[in-house]
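The values are calculated or read from the model by the stated rules, or taken from the named source; none is laboratory data. Keep in mind that what you see is a predicted model, and the values were worked out from it rather than measured. We place every Cβ from the backbone using ideal geometry, glycine too, and count neighbours over all the protein chains shown. When the accessible area is computed, the model is the full protein with side chains, heavy atoms only, and any ligands, DNA or RNA have been set aside. Shrake-Rupley method; radii C 1.70, N 1.55, O 1.52, S 1.80 Å.
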Amino acid sequence: MPLALLALAVSAFGIGTTEFVMMGLLPNVADDLGTSVPTAGHLVSAYAIGVVLGAPLLTAVGSRVPRKRMLLLLMALFTVGNLASALAPGFGWLIAGRFLAGLPHGAFFGVGAVVAARLVSEGRRARAVATMFLGLTVANIIGVPAATLLGQHLGWRATFLVVAAIGLCAMAALARLVPYVPVDAHQGLGRELRALGDRQVLLGLLTAVFGFAGVFAVYSYLSAMTTEVMGFGESSVTPVLALFGIGMTLGALAAGPLTDRALRPTLYGSLGALAVVLLVFPFAVHVRWAALVTIVLLGGVGFMTTTPLQMLVMNKARHAPTLASASNHSAFNLANAGGAWLGGAAIAAGWGWTSPALVGAALTVAGLAVAAVAGLLDRDRPSSSRIVASADAEARTARSQVRADAR
């Protein structure tokens, strides 16, 4: 695998850390800024809104910008957003900083996935994309727990200063390791929008919204379930979340080669397995060892859906995959928000702490149904297993540059 993938993974590590660390710092932020924890929860929503809006908008604006330069600009915006969060004088300014930090999230992963896929041969593209996503999963094992502990001992501002420093390191790695990847001469916003309007792309995005919502219906309340249902103490919350991160990493490692071998079967299998795990979850959590195993499985099969979904929309967008690739991350964040909201509604209705798992199972089954319909409709279409025909030329250029850099 090219070293450029390491730079993308380091960037993903920083993005994953800042995305999830706020959930563990909410009490500290609320105390310091004199607000309630539920109000401080708007900081999570501000980041998610930034992702949803920034992914299509920034990708569209940068549709003619060379890929490497675009990645550097997006990581610079991410760094500025985290620095602004660290220096925010009040709650309103912190909301703005979180929104700013979220804006480049989806666009970075969208452009990064296209770059990763074009740095390798056709049969290894899903593995390359999964390698980039490994940075996101490792952030949940190492970055988020470490950043949370740092924030608890040195203050939440220190956490965002460190994340900003990670952003600077990621920019240096991108500048050094990522080769020049040209933009297709005929590519533009109009072409990207037409590709985004493809029926298979839209069905892929809808699959992500429903299928991945099942994961966040449970993950959003996993901390509370750890103490309220599993019977662990508060000190066990961080290790339990780390187990979920380990599952995510294992799922990402498995998803790459499986997706390269058989994309749709991998998508169907991962969604089906996720639905089963979510159905078993309410029963398993009452036995500690079974609960811990189920959490690892939930992270594994849940994150195994991301690589085939990412490759699916990139493949079906054909000659202009960047906007569709970025929009996929808007879909994932809509899944995040929707799953958390529906899971919370089930708890508020008095259905119990484990009820979000059943809600999540229903959402995942809906996602699997959408994926199955898309597969049936796709049978009559010409094969589009390659990302784009013009991508091959860009891939050859990029790989040649990698070899030149190595010399």
What number of residues within the range 51-77 satisfy the criterion of being open to solvent by less than 20 Å² (accessible area, probe 1.4 Å), touching a Leu at 6+ places or on another chain (Cβ under 8 Å) and in a helix (DSSP H, G or I)? 6
Quick one: in the range 140-163, of everything that is within 12 Å of ILE246 (Cβ to Cβ) and modelled with pLDDT of 85 or more, which residue is least open to solvent (accessible area, probe 1.4 Å)? ILE141
How do the pairs read when you match residues in the range 20-33 that are assigned to a helix (DSSP H, G or I) with residues anywhere that are of a type in the set (Phe, Trp, Tyr) and open to solvent by 40 Å² or more (accessible area, probe 1.4 Å), using Cβ under 8 Å and keeping only pairs 6 or more apart or on different chains? LEU33/PHE91
Expected single match for of a type in the set (A, V, I, L, M) and at pLDDT 90 or above among LEU72, LEU134 is LEU72
Take ALA126 and decide whether it is in a helix (DSSP H, G or I) and either surrounded by 24 or more Cβ atoms within 10 Å (Cβ to Cβ) or on the phi < 0 side of the Ramachandran plot (or both). yes
Quick one: count up the residues across the range 234-244 that are farther than 17 Å from ALA357 by Cα and either hydroxyl-bearing (Ser, Thr, Tyr) or open to solvent by 40 Å² or more (accessible area, probe 1.4 Å) (or both). 6
Matching residues, the range 213-238, being part of a helix (DSSP H, G or I) and free of Cβ contacts under 8 Å to residues at least 12 places away in the same chain: THR227, GLU234, SER235, SER236
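Every residue, every condition in (1) hydrophobic (A, V, I, L, M, F, W, C); (2) more than 17 Å from TYR47 (Cα to Cα); (3) out of contact with any helix residue (DSSP H, G or I) (no Cβ under 6 Å at 6 or more places or on another chain), yes or no:
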{"position": "MET70", "(1), (2), (3)": "yes, yes, no"}
{"position": "ASN82", "(1), (2), (3)": "no, no, no"}
{"position": "ILE95", "(1), (2), (3)": "yes, no, no"}
{"position": "GLY106", "(1), (2), (3)": "no, no, no"}
{"position": "VAL115", "(1), (2), (3)": "yes, yes, no"}
{"position": "ARG125", "(1), (2), (3)": "no, yes, no"}
{"position": "LEU149", "(1), (2), (3)": "yes, yes, yes"}
{"position": "TRP156", "(1), (2), (3)": "yes, no, no"}
{"position": "ILE166", "(1), (2), (3)": "yes, yes, no"}
Over the range 99-119, the set of residues over 15 Å from PHE13 (Cα atoms), open to solvent by less than 10 Å² (accessible area, probe 1.4 Å) and not basic (Lys, Arg) is ALA107, GLY110, VAL111, VAL114, VAL115, ALA116, ALA117, LEU119
Which of (1) within 18 Å of PRO321 (Cα to Cα); (2) modelled with pLDDT under 90 is the odd one out, the single condition LEU206 does not satisfy? (2)
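A quick yes/no check of all residues on (1) aliphatic (A, V, I, L, M); (2) open to solvent by 70 Å² or more (accessible area, probe 1.4 Å); (3) at pLDDT 90 or above:
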{"position": "ALA345", "(1), (2), (3)": "yes, no, no"}
{"position": "THR354", "(1), (2), (3)": "no, no, yes"}
{"position": "LEU358", "(1), (2), (3)": "yes, yes, yes"}
{"position": "LEU368", "(1), (2), (3)": "yes, no, yes"}
{"position": "ALA372", "(1), (2), (3)": "yes, no, yes"}
{"position": "ASP380", "(1), (2), (3)": "no, yes, no"}
{"position": "ARG386", "(1), (2), (3)": "no, yes, no"}
Would you list the helices (runs of 4 or more DSSP H) that sit entirely within the range 246-319 and hold 1 or more residues that are under 17 Å from THR137 (Cα atoms) and open to solvent by 40 Å² or more (accessible area, probe 1.4 Å)? 288-304
